[in-house]
Structures are given as structure tokens and as C-alpha cells.
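Structure record follows, encoded as C-alpha cells.
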Amino acid sequence: MARPAPGELEDVRPSRCHAACAAVELDPPLGFDPARLETWPQVEGRLEWVEGRLLYMPGCGDLQQDTVTDVVATLAIWGRAHPEFVVGTNEAGMRLGKDTRAADAAVWRRADLGPYTKGFRTVPPVLAVEVTSREEPPLALREKARWYLDAGVSVVWIVVPEQREVLVITREGDSRHGRGDRLPPHSQLPDLAPAVDDLFFQISRAD
């Protein structure tokens, strides 16, 4: 079972596994407030607050981390040409409704964001990107995609390294894209239609 980091957080204890995403549920520490980043436990891994539960997952494995890097590189290059948007990564935290969750990458309209607060963003991004892993398989991320859409996100990419494919999910429906394809453009994200192969550049060199 995954364990939180030792030290000042010895009062944080694993509670039970969350079957939908193979996460470990932790008992929140004293003084915890899911809306205030400074009250979150300091752990070596990833945390989210979902439906009243504090969920922990370990750090990313090699396949996921290399794919996330290529996703972020692709979005960053696009973002430099479109300064009206902001690209976030590194478990981009957002507080939407009563939940506090994080995306592998996300794109916000700059006009929707206020000044920097060093805390969670509280408006939905236009795009959220999730990369599958052992802890977060496609089924679990489909559930998270529904949460994103319900919270106001316009489009979700689920990137699947093992199959070298991307599932694009919007309120209008889903579409699946593999090697040699381009992702479909979205009206709210001008000129963003990357080649699927670009999102798997590093891991494909090992094929």
C-alpha cells in the first residue's frame, strides 16, 4: 500500500483504496482545508480532493512522465504563438465546485484568470489533458473526463501511451485517434490540432 511521506505528517494515515482509480484514501490532517493549498499534506506523490475524500497516488512512472513531457512541449509551443491562453502543467491544480483536482496539462483563457495567487485556479480550463498510467487506467480517466465536462471544461484529451492513441472527449461525443492522425481542432482553441505522433515522440524512439 502507498504511504505518505514521513516527518511532520505522521498524523496522515491511509484509510482505504479507492477502486475507481487505484488511489489510496488518506485521513486528512488536522486543519486541512481543500480550498487552501498551504494546508495540504506534503507527500511524495499526487493528491486530489474528490467527493469529500483525500486521494493519494504515487509519482509517475517512466512511460507516463515521458509522454506528459511531449504533451506539454506540444502545448507550450502552441501557447507561445497564442498568448491569449495560459498553459499549465506539473499536476495543474484547480478548485472547481467542491472538488480539488489536478491535470497533467491544461489550457486556460488568459482573460478568465485573475492575478497569480500561488493557490489553486478556480475557473475551468478550456482543455484538460490526462495521460493514462497503471494507477489511472483509461476507465478511471473517462470518469475524470466526465467530472471535467460537468465542471465546465470544453474538451478533454486522454492520452494512452501503451496504444499510442488519444481519446478526445467533448459534450458532443468522443473520438479516437492513433498514429498518423491529427487531433481534431476545437473552436475555442485556434490552430491546436497536433499530430498524434508528436505526443509520443520520446517513447516511440524505443519502439
Checklist entry - What are the radius of gyration and Dmax of the stretch 132-207, computed over its Cα atoms and given in Å? => result 12.7, 38
Next on the checklist: Could you tell me the center-to-center distance, by alpha carbons, between the stretch 109-124 and the stretch 24-83 in angstrom?
Outcome noted: 16
Item to check | Computed lengthening from Glu38 to Asp62, 0.36 nm per intervening residue step minus Cα-Cα distance | outcome: 5.8 nm
Next on the checklist: For the chain, compute Rg over Rh where Rg is the Cα radius of gyration and Rh is the Kirkwood radius from the inverse mean 1/r over Cα pairs.
Outcome noted: 0.96
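D for the stretch 37-82, whole µm²/s, Stokes-Einstein with Kirkwood Rh over alpha-carbon pairs at 10 °C and 1.306 mPa s: what number?
Working: Rh = 13.1 Å.
The estimated diffusion coefficient comes to 122 µm²/s.
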Item to check | Lys/Arg +1, Asp/Glu -1 at C-beta; the chain dipole; positive extreme among Thr100, Leu141, Ala111 | outcome: Ala111
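Calculate the tail of P(r) for the stretch 97-172: the fraction of all Cα-Cα distances greater than 17 Å, expressed in %.
Percentage above 17 Å: 44.
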Item to check | Over the stretch 61-102: Rg over Rh, Cα atoms, Kirkwood Rh | outcome: 1.07
Checklist entry - Mind listing the Cα extents of the stretch 32-121 along all three principal axes, in Å, largest one first? => result 39, 34, 20
Checklist outcome for this item: Projecting the Cα atoms of Ala193, Ile77, Phe120 onto the charge dipole of the stretch 58-207, where Lys and Arg contribute +1 and Asp and Glu -1 at Cβ, the residue farthest towards the positive end is Phe120
Checklist outcome for this item: Summing -39500 (n - 2.57) over every DSSP H run of at least 4 in the chain, dividing by its residue total and rounding to the nearest 500, the 222 nm mean residue ellipticity is -5500 deg cm²/dmol
Checklist outcome for this item: For the stretch 37-130, listing chymotrypsin sites (Phe, Trp or Tyr not before Pro) in a DSSP loop whose Cβ sees at most 12 other Cβ atoms within 10 Å gives Tyr116
Checklist outcome for this item: Arg134 and Glu51 label points (each 7 Å along its Cα→Cβ direction) are spaced in nm at 2.6
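Bear in mind that the values in this text are calculations on the coordinates, not laboratory data. Computed from a prediction, not measured in an experiment: that's the story for all the values here. No Cβ is skipped: glycine too gets one built from the backbone with ideal geometry, and neighbour counts run over all protein chains shown.
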